[in-house]
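In what follows, a single structure is set out as structure tokens and then discussed.
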Amino acid sequence: ETIQFHPSYSYEDFIEGYRPKDGKFELESGIFKNFCERARKNKDKKYILIIDEINRGNLSKIFGELLYLLEYRDKEVKLTYSQDKFSIPENVYIIGTMNTADRSLAIMDYALRRRFYFVDVACKTKRLEKWLTENGCTLEVGELIGAIENMNTAIKKEMHSKDFAIGHSYFMRENLDDKKLKEIMSYGVKPLLGEYFFDKDGKVEEITGIMNKLFIKKIIEKVQE
């Protein structure tokens, strides 16, 4: 199952809470509690909960006493509202995705952080090159990949962090041509760089200029034709 956290997401949504129903409030189980109950009935299967944008929610508030259970699967705790005893089955796995470049978000609670393993998903340009080749890219793929790598090198140098690199998803467009690439750069990449370098317009032009060389080359080739 896949869910997405956001600033308004709460313990009541995730675990349990009182909700209005037929003119009164009734205690209802949340998404994760129901998910665990399904997993408990099918212990021979793996149940995977994917939490997109996990760091956009108030994690300590959302998980509540379940923070303890993430680490100790053989233990039980009493839930806040129902006072029922609850545990997280061994066959439940949680995968959280997060964008570490978003500095508007609070740093993840360290108590929660140590209960997860972390894997960086960087822009793997070799895989992107293969994907573009197999999906009808009409540009010179090797040159495009080189431009992306050069842009990311410049961004990393300026921001002193690899977290701000331009990801592969921007460029994963079937039949990518110069028109689509120009659209990606104008309405996707350039505004993002504008956020990074809000007080350095010259730096935005400098970095996007790396990709603009491809457009210039394309225009010259058309003129020569």
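The values are calculated or read from the model by the stated rules, or taken from the named source; none is laboratory data. Everything numeric in this text was worked out from a predicted model, so none of it was measured. So basically every Cβ, Gly included, is an ideal-geometry build from the backbone, and we count neighbours across all protein chains shown. When the accessible area is computed, the model is the full protein with side chains, heavy atoms only, and any ligands, DNA or RNA have been set aside. Shrake-Rupley method; radii C 1.70, N 1.55, O 1.52, S 1.80 Å.
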Can you name every residue in the stretch 56-70 that is of a type in the set (Phe, Trp, Tyr) and closer than 14 Å to residue 29 by Cα? 63
Hits in the stretch 138-193 - residues which are open to solvent by 60 Å² or more (accessible area, probe 1.4 Å) and β-branched (Val, Ile, Thr): 138, 153
Within the stretch 152-170, work out how many residues are closer than 14 Å to residue 208 by Cβ, assigned to a helix (DSSP H, G or I) and touching a residue at least 24 places away in the same chain (Cβ under 8 Å). 4
Given (1) within 19 Å of residue 62 (Cα to Cα); (2) at pLDDT below 90, where does residue 82 come up short, assuming only one miss? (2)
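Pick out the one residue from 16, 12 that is touching a strand residue (DSSP E or B) at 6+ places or on another chain (Cβ under 7 Å) and either closer than 15 Å to residue 69 by Cβ or surrounded by 11 or more Cβ atoms within 10 Å (Cβ to Cβ) (or both). It would help to see each step written out before you state the result.
Working: 12 fails: touching a strand residue (DSSP E or B) at 6+ places or on another chain (Cβ under 7 Å).
Going through 16, 12 in turn, the sole match is 16.
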Report every pair of residues separated by at least 6 positions or lying on different chains whose Cβ atoms are under 7 Å apart, first residue within the stretch 125-151 and modelled with pLDDT under 90, second open to solvent by less than 30 Å² (accessible area, probe 1.4 Å) and in a helix (DSSP H, G or I). 125/145; 125/148; 139/181
Strands (runs of 3 or more DSSP E) wholly inside the stretch 1-91 containing at least 3 residues that are on the phi > 0 side of the Ramachandran plot and out of contact with any helix residue (DSSP H, G or I) (no Cβ under 7 Å at 6 or more places or on another chain): none
